[in-house]
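The values are calculated or read from the model by the stated rules, or taken from the named source; none is laboratory data. Keep in mind it's a predicted model, so treat the numbers as computed, not measured. We place every Cβ from the backbone using ideal geometry, glycine too, and count neighbours over all the protein chains shown.
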Amino acid sequence: MIVLNRHKDGSAGDANYGVIGAGYTQYRQPDPHIAEFIRAALGDARTVLNVGAGAGSYEPVDREVTALEPSASMRAQRPPHLPIAVDGVAENLPFPDQSFDASMATFTVHQWPDLAAGLAEMRRVTRGVILILSCDPDELHRSWLAEYAPEMIAVEARRYPSMRSIRDGLGGRAEIIPVPIPLNCIDGFGEAYYGRPERLLEKGARLANSAWSFVDPSVAERFVDRLGDDLDTGVWNAMYGSLRKQPFFEGSLRLIISRR
């Protein structure tokens with residue numbers, strides 16, 4: 001059995017959601033466009049395990065879902081129409097072999113202390129398809145955030161596992177699908193604001209992206225000062241203003257689909 005160090009609220013990864021997760025659901029809601037990719041990939045699976053389930057984003061409501069989440073703060077933010085989440089970690093799933101038709105993990109694998117162990121556990125308990133929604137660290141440079149917050153992007157690039165490591169952890173065979181991000185995306189990860197930069201002046205919007213908790217506070221201060229000034233003077237619009245009307249942004253978001 002793998003023994004992991006956990007934060008006070010139970011968070012098992014590098015981010016402490018007992019500190020940064022209090023207002024998470026105000027900024028991070030499942031976006032319908034992204035959810036459709038997940039729904040289609042699940043196919044006819046009836047029982048689904050959601051690993052690192054957080055507050056329940058992208059959990060299908062038309063199937064029997066078992067949610068697993070180590071952070072008490074995040075479990076407490078799950079809406080009442082979703083099942084109560086089991087306290088547990090990806091590396092030690094408390095379920096028998098082949099318990100579920102499908103399993104999924106969204107915006108969570110970069111938090112896992114042992115990626116290979118977590119993916120192997122997902123494969124062990126899953127009869128069919130496994131879905132991983134994550135970001136390709138090699139594509140993070142596509143966002144204007146790479147210009148305005150290079151320190152934060154560097155943190156993200158270190159934390160997100162490569163597409164190859166995820167594919168290898170799932171047995172070496174997986175389909176990797178780019179997921180375009182809609183302009184009014186309601187799931188507020190960094191690239192979701194590609195055409196709405198003003199939102200990232202809000203502290204809550206930044207806190208809902210765990211990477212900001214790994215950079216010095218002075219980085220966020222400089223980011224807010226520069227972005228605010230460039231928005232006021234029109235500099236941001238001169239460089240990136242076309243994004244405000246671009247219906248989709250093809251950034252780093254990927255859906256990895258592994259079938260037996």
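Table: residues versus (1) surrounded by fewer than 20 Cβ atoms within 10 Å (Cβ to Cβ); (2) touching a residue at least 60 places away in the same chain (Cβ under 8 Å); (3) touching a strand residue (DSSP E or B) at 6+ places or on another chain (Cβ under 8 Å); (4) not aliphatic (A, V, I, L, M).
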| residue | (1), (2), (3), (4) |
| --- | --- |
| Met152 | no, yes, no, no |
| Cys185 | no, yes, no, yes |
| Arg196 | yes, no, no, yes |
| Val215 | yes, yes, no, no |
| Ser218 | yes, no, no, yes |
| Glu221 | yes, no, no, yes |
Exercise. Looking at the range 71-107, which of the residues that are of a type in the set (Ser, Thr, Tyr) and buried (at least 22 other Cβ atoms within 10 Å of the Cβ) is farthest from Ile132 (Cα to Cα)?
Worked result: Ser73
Problem set entry | Filtered residue count, the range 108-146, keeping only those that are over 15 Å from Asp168 (Cα atoms), touching an Asp or Glu at 6+ places or on another chain (Cβ under 6 Å) and of a type in the set (Gly, Ala, Ser) | 2
Exercise. Hey, Leu207 hits all of (1) within 19 Å of Cys135 (Cα to Cα); (2) modelled with pLDDT of 95 or more; (3) out of contact with any Lys or Arg (no Cβ under 9 Å at 6 or more places or on another chain) but one; which does it fall short on?
Worked result: (2)
For this session: Within the range 72-94, identify whether any single residue is more than 18 Å from the chain's Cα centre (by Cα), at negative phi, part of a helix (DSSP H, G or I) and among the polar types (S, T, N, Q), and answer yes or no.
Result: yes
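So that you can scan it fast, the table gives a plain yes or no per residue for (1) aliphatic (A, V, I, L, M); (2) modelled with pLDDT of 95 or more; (3) more than 22 Å from Glu36 (Cα to Cα):
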| position | (1), (2), (3) |
| --- | --- |
| Ile130 | yes, yes, no |
| Met152 | yes, yes, yes |
| Gly172 | no, no, yes |
| Val179 | yes, yes, no |
Exercise. Consider Ile2 against the criteria (1) modelled with pLDDT of 90 or more; (2) assigned to a loop (DSSP other than H, G, I, E, B); (3) farther than 23 Å from Gly190 by Cα: it satisfies all of them except one. Which criterion is unmet?
Worked result: (1)
For this session: For Thr126, work out the one condition from (1) among the β-branched types (Val, Ile, Thr); (2) under 25 Å from Ala208 (Cα atoms); (3) over 16 Å from the mean Cα position of the chain (by Cα) it doesn't fulfil.
Result: (2)
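Between Asp225, Asp230, which is assigned to a helix (DSSP H, G or I), charged (D, E, K, R), more than 15 Å from the chain's Cα centre (by Cα) and surrounded by 14 or more Cβ atoms within 10 Å (Cβ to Cβ)?
Numbers: Asp225 fails: surrounded by 14 or more Cβ atoms within 10 Å (Cβ to Cβ).
That would be Asp230, the only listed residue that is assigned to a helix (DSSP H, G or I), charged (D, E, K, R), more than 15 Å from the chain's Cα centre (by Cα) and surrounded by 14 or more Cβ atoms within 10 Å (Cβ to Cβ).
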Exercise. Residues in the range 201-219 that are under 21 Å from Ala55 (Cα atoms) and assigned to a helix (DSSP H, G or I): how many?
Worked result: 9
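So is Arg124 basic (Lys, Arg), in contact (Cβ under 8 Å) with a residue 12 or more places away in the chain and either part of a loop (DSSP other than H, G, I, E, B) or surrounded by fewer than 20 Cβ atoms within 10 Å (Cβ to Cβ) (or both) or not?
Yes, satisfied.
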